1. Where a ≥ b ≥ c are the square roots of the eigenvalues of the C-alpha gyration tensor, would you call the stretch 122-228 rounded, which needs a/c under 1.5, or, failing that, prolate if a/b is larger than b/c, or oblate?
2. Could you put CYS147, CYS236, CYS122 in order, starting from the residue whose Cβ has the fewest other Cβ atoms within 10 Å?
3. So which lysines pass the test for LYS358, namely a Cα distance under 29 Å, with those fewer than 8 places away in the same chain ruled out?
4. With an 8 Å cut-off on Cα pairs and a minimum separation of 6 or more residues, tell me the relative contact order of the chain in percent.
5. Among bridges DSSP assigns within the stretch 62-208, what percent are antiparallel (round to 5)?
6. Sorting GLU143, GLU75, GLU57 on the 10 Å Cβ count, fewest up front, what's the list?
7. Top mean-square fluctuation among ILE167, ILE214, ILE98, Gaussian network model of the chain, C-alpha springs under 10 Å?
8. Just the number, please: percent antiparallel of the DSSP beta bridges in the chain, rounded to the nearest 5.
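Every read-out reported here was derived from the displayed coordinates using simple, explicitly stated rules and does not represent laboratory data. Remember, predicted model here, so these are calculated numbers, not experimental data. Methodologically, a virtual Cβ is constructed for each residue, glycine included, from the backbone with ideal geometry; neighbour enumeration extends over all protein chains shown.
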Amino acid sequence: MDFDLSEEQIAMRDLARDFAEKEIAPIVEEDEKHHRFRPEIVRKMGELGFFGVVVPEEYGGTAMGLLSSVIMTEEVAKVSASYGLPFNMQTIGPGYVILNYGSEEQKRKYLPALVNAEMLGCFAITEPGSGSDVASMKTTATEYDDCFVLNGQKTWISNAQVADIGIVYAYTDRAAKARGMSAFAVELKNTPGITTVPIESKVGLHSAPTGEVIFEDAKIPKSALIGQKGDGFKICMSMLDNTRMSCAARAVGVGRGAIDAAIKYANERMQFGQPISDFQMVQDQIAQSLVENDAARLLVWRAAANRDKGARNTMEVSMAKYFAAESAVNAAGNAVKIFGSYGFSTEYPAERFFRDSKSFQIVEGTSNIQKIIIAGFALGKRK
Ligand SMILES: Cc1cc2nc3c(=O)[nH]c(=O)nc-3n(C[C@H](O)[C@H](O)[C@H](O)COP(=O)(O)OP(=O)(O)OC[C@H]3O[C@@H](n4cnc5c(N)ncnc54)[C@H](O)[C@@H]3O)c2cc1C
């Protein structure tokens, strides 16, 4: 692809590709079948500097920027969508929130640990009754002289049961609506009153833990507040601008993984005395998937490159997330078709790509929500 990548970016991309092929590819199918998550893989990714690219050097990173991050994310997600997720769980989500809004104490305590994956992270917005409508959440943080006390339930939280540190969104003042929401850096494992329950009923992403987080009079120190009381909604929306971009990069990776598998299979599978790749309708499926995948990558790279220049580009991010998600589902769906009955078999990779691709239409704001954002900007209803 013709895009001006620096030598350093090419080196990081190759490192991520190499790592995914050597360390993840050999175990991906078995682990996904047995719902196995290996924290040691995330730790190695941290040691190799995968998560540090968006963090300044003084907090343990290399400050290469978001474009470098999305390029690496794609390479890992091409092999495993599950292990593409830690980019968001470590620094693109929690790390960036702390970097942009946290106190100096929070930055020193958490950023280096998130960069090298000594601590695993998560972020908790969604609740049983509150998904797309973030402001309708019910979790509260009641302020006392020496602490806040959290009560409520979060669900569908990636990394819930393995995370050391979570960015938790809760109301400090419900009457003030979105302006009464606050963000907290919560040490999930060290705080009495916090329990987690794994969600095992997922369709895909089986090597990525997901669960509920329940707060019952969980006392957290005042120093856990990120920014000011009432900043939570603003922090959450700016966090989603970053995590959406990373999610879109994951979708591009899964789309590419599905296309590569379909091309290989189409050249091998013989029907009517010739490889099925000779048939124009199969070529049409591959051509459409490839064009959409490349277009999605360009949207993601544009959004990331512009963000690296300092622009807050919510519309570009939503365009990238929407199109990358839809194109990943199309590419994986075409792969299932090209594999025929083997596309319906758990012994071949097409069905895994398809199951995992569906998550991108839901997480970090559904495809409908992305279209609402895009149309809102286009129609002048959002600025
Ligand atoms: C694998 C996975 C991992 C996740 N990880 C996290 C995490 O780490 N942290 C976290 O906080 N959350 C996480 N989530 C939750 C995810 O962000 C929510 O599922 C998502 O925001 C959608 O919310 P919902 O499922 O409640 O759907 P709902 O909001 O109930 O939406 C249901 C349907 O209605 C549509 N809809 C809703 N409102 C509108 C509207 N105004 N206009 C048009 N259509 C609308 C939606 O598009 C969707 O099709 C995860 C989810 C999954 C599946």
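1. Details: a/c = 2.18, a/b = 1.42, b/c = 1.54.
Judged from the Cα gyration tensor, the stretch 122-228 comes out oblate (a/c at least 1.5, b/c at or above a/b).
2. On the way: CYS147 16, CYS236 20, CYS122 29.
Ranking CYS147, CYS236, CYS122 by Cβ neighbours within 10 Å, fewest first, gives CYS147, CYS236, CYS122.
3. Partners within reach: LYS22, LYS33, LYS44, LYS78, LYS138, LYS154, LYS202, LYS234, LYS264, LYS321, LYS337, LYS371.
4. Details: 755 pairs, mean separation 59.6, N = 383.
Relative CO of the chain lands at 16 percent.
5. Numbers: 12 of 17 bridges.
Beta bridges within the stretch 62-208, antiparallel portion: roughly 70 percent.
6. Numbers: GLU143 14, GLU75 24, GLU57 9.
Going from sparsest to densest Cβ surroundings: GLU57, GLU143, GLU75.
7. For the chain, modelled as a Gaussian network with Cα springs under 10 Å, the answer is ILE214.
8. Working: 30 of 35 bridges.
Bridges in the chain are about 85 percent antiparallel.
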